[in-house]
Each structure stands twice: as structure tokens, then as C-alpha cells.
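Read through the structure below, which is laid out as C-alpha cells, and then see the notes.
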Amino acid sequence: MSMENSDKLAVLIDADNAQPSIVDGLLSEIANYGTASVKRIYGDWTNPALKGWKEILLHHSIQPMQQFAYTKGKNATDSAMIIDAMDLLYTGNFNGFCIVSSDSDFTKLASRIRESGLLVYGFGEQKTPPAFVSACDKFIYTEVLRTKTGEHEAIHKKSSSDLKQDTKLVSLLRNAVEASSDESGWAHLAPVGSNIAKQAPDFDPRNYGYTKLGELVSATKLFDVEERQIGSSNSKALYVRDKRKK
């Protein structure tokens, strides 16, 4: 999926369902998709549990939105985020929304925003319900964004053996290469990535410990990988082919 960095994005964070340790990685990731024109975070700021967030908001120019927990067991924060999101949607000033939460309550909101033709980027933990993940154009698991300190360490790189045993991953990669390949079986990596994004919004090489798609594909040892020069320029592109096609 191609995304212009000029896109104006509204970033809405559920403080109850996101960790402060992701903020640097989160804002850096969002910058890949556009400009965070609005950055708001929702929670009951009288709650000591949110102290970690309070200490970093000013530094990152994230606007805290106070939402008292009126009734025990009811999530007023979610309702406030959804109402604000719809207000922002109706302004027509944005190209997309970034919803930061692991809560399934935002599934309908994501679907509604996409119905209006805007992009939705979801950010949440691995425990995020599949319905919310699927409702987004792209979903990034926040485990790959966390600061590498204390309890949150970098995701370990999976071995070739582990990758080959991941039948879902293998099927996803093979289907994408097949759909993007020419008659000889070779496929340019860029359209392969686009095809994968359409099949699985939550796909990310970093979930397996790899920085780029090409590195992950190579690590599976199921594909031939070839770097080719593009025309007379110095630019190079990666091409891949299923080894079974030889």
C-alpha cells in the first residue's frame, strides 16, 4: 500500500490500553505514514496508574483529554475517543486516523472511518482481538515499538526452522509471490509486500525479528532472492521466486 508522507493524520491514544514505553517508537512509526496533525490521549488523569504517561506528554506535544470514570466497570474513555474521532472525521481535514489501543471496542469506529474513504492505522498489543485488527488498513503490534529497557526487550529473531514451521506465514508469503510473479516465477518484492498487506493488515517483518520484508523472505530459505539493477540507474530492486518453481 503506497502512503504519502503529506497525509494529515489524527492520532488518538487510549491511555488505559497502551504503555508509555511505546511512545518514541509509535511517533516514529506514524511519521512513515504521514504527519500527526492532532495527537490526543484519553484517560482519567486523576488515576495514579497513568503517571507514566503524564510525565512524557508535554515532551511529545500530546494533548491529554480528561475523562472521569463515572461508573465502575464502564469504559468512559472509549466513548470519549469515539465521539472525538467522529467529530474529527466530519471536519474533512484528515487523510487518516491512528487508533492506539488493544480494545475491540474500536472495531466499529475503524470500519466507519474506512467507509468514509480514510485510512486507519491500528496500534495495539499482540492480545488485540482479530476483529479490530482486520478492521484496520494496517495494524502494528506495539511490542515492536517498545523501548528496549527493563521488561520490554526486542523481539528475538526467529530461525529459518521456526519460520518454515509457521504454516500461516509460509502460505502468506507463497501466495503473495505467486500473485505477483511473472511467467518465470520471479516477483518484484514491492508488489509482494502490497499483496501481503491486503491479505493480512497485521503482517510486519518485525513481528518475527526482522527489519525488512526481504530479510524475512531470505531467512525462510524457501525462496530464491536476487538483487537486480533497474535500467541505467544505480537503483536496485529485490526479486524473489519460490524455490519449488525451479
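No lab work stands behind these numbers, since they all come straight from the coordinates. As the structure is a computational prediction, the values presented were derived from the model and not from experiment. For neighbour counting, all protein chains shown are included, and Cβ atoms are generated from backbone atoms with ideal geometry for every residue, glycine included.
For segment 160-245, count the residues as N, evaluate 2.2 N^0.38 Å, and divide the Cα radius of gyration by that value, please. Present the calculation step by step, with values, prior to reporting the outcome.
Numbers: Rg = 12.6 Å, N = 86, 2.2 N^0.38 = 12.0 Å.
Rg over 2.2 N^0.38 Å, computed on Cα atoms: 1.05.
Picking from S21, S184, S159, which is most flexible by a Gaussian network model of the chain using Cα springs under 10 Å?
Ranking S21, S184, S159 by mean-square fluctuation puts S184 first.
Gaussian network model of the chain, Cα springs within a sub-10 Å range: biggest mean-square fluctuation belongs to which of E143, E183, E115?
E183
Normalised by the residues of the chain, what does the relative contact order come to in percent, with Cα pairs under 8 Å and at least six apart?
Details: 414 pairs, mean separation 38.9, N = 246.
16 percent.
Return the equivalent ellipsoid semi-axes of segment 8-144 as a descending list in whole Å, where each equals the square root of 5 times an eigenvalue of the C-alpha gyration tensor.
Numbers: eigenvalues 85, 57, 47 Å².
Computed over segment 8-144, the values are 21, 17, 15 Å.
What do you get for the angle between helix 76-91 and the principal long axis of the chain? Use alpha-carbon atoms, 0 to 90 degrees, nearest ten.
The two axes meet at around 70 degrees.
Between D24 and H188, how many nm apart are label points set 7 Å from Cα along the C-beta direction?
3.6 nm
Rank G193, S79, I140 by how far each Cα sits towards the positive end of the charge dipole of the chain (+1 on Lys, Arg Cβ; -1 on Asp, Glu Cβ) and give me just the farthest.
The residue sitting farthest along the positive end of the dipole is G193.
Straight-line reach only, C-alpha to C-alpha below 13 angstrom: list the aspartates and glutamates that K158 could link to, leaving out same-chain residues fewer than 8 apart.
Candidates past the 8-residue exclusion: D166, E215.
When the chain is treated as a GNM, springs tying every alpha-carbon pair under 10 Å, which of T77, T46, T142 comes out with the largest mean-square fluctuation?
Looking only at T77, T46, T142, the biggest GNM fluctuation is shown by T46.
With the alpha-carbon atoms as the only input, what is the per residue convex hull volume for the chain in Å³?
Numbers: hull volume 37.7 nm³, N = 246.
Here the figure is 153 Å³ per residue.
Taking the Cβ of K138 as the center, what net charge do the other residues with Cβ under 9 Å away carry, scoring Lys and Arg +1 and Asp and Glu -1?
Values: positive: none; negative: D137, D202, D204.
With Lys, Arg at +1 and Asp, Glu at -1, the neighbours total -3.
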